Amino acid sequence: MTTTPILPTRSQSNSSRAITTSTQGSTLADILERVLDKGIVIAGDISVSIASTELLHIRIRLLISSVDKAKELGINWWENDPYLSSKSQRLVEENQQLQQRLESLEAQLRSLTAAKINNPELFPVNAEDNGQSDEENVPLPMNQPND
């Protein structure tokens, strides 16, 4: 009995999945699509030395990929960066409101301090002051240096 070897055959439906080789032309769009789909890592070290003394060493690590691929790899730092997200404007406004509130509180503190110094009878001295004068107990605003 003779046997015939079975050779793998390629179906016609897989003919569109041909492997691109260097002999086939690729457009810039094809290359960019491939790089963003798969991602590319560029790594390198730069050293500046004089007489076997290393003066400068720079390590470069660069990842180029699509956002989807980066998320798949667990890289998503831009989502929490306030300058790169839509939250940045809200954070800037909140910061300005806090600055205005702080300035208002400091102004109130300065006016209360001035009133206490100018009219000590309005602010009775407690026995807990341990014999310190009113001027020693008056809190100073944060933005003014002590004399």
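Read-outs throughout are calculated quantities, based only on the coordinates presented, and are distinct from any laboratory measurement. Keep in mind it's a predicted model, so treat the numbers as computed, not measured. Neighbour counts are summed over all protein chains in view; Cβ atoms, including those assigned to glycine, are modelled from backbone coordinates with ideal geometry.
Quick look at the numbers
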read-out	value
At R0 = 25 Å, FRET efficiency that the Cβ-Cβ distance of residue 87 and residue 67 yields, to 0.05	0.90
Two-site label geometry, residue 47 and residue 116: point separation in nm, points 7 Å out along Cα→Cβ	6.3 nm
Reach of residue 71 by Cα under 25 Å, taken over lysines that are not fewer than 8 positions away in the same chain	38, 87
Cα-Cα separations in segment 30-75 greater than 11 Å, expressed as whole percent	71 percent
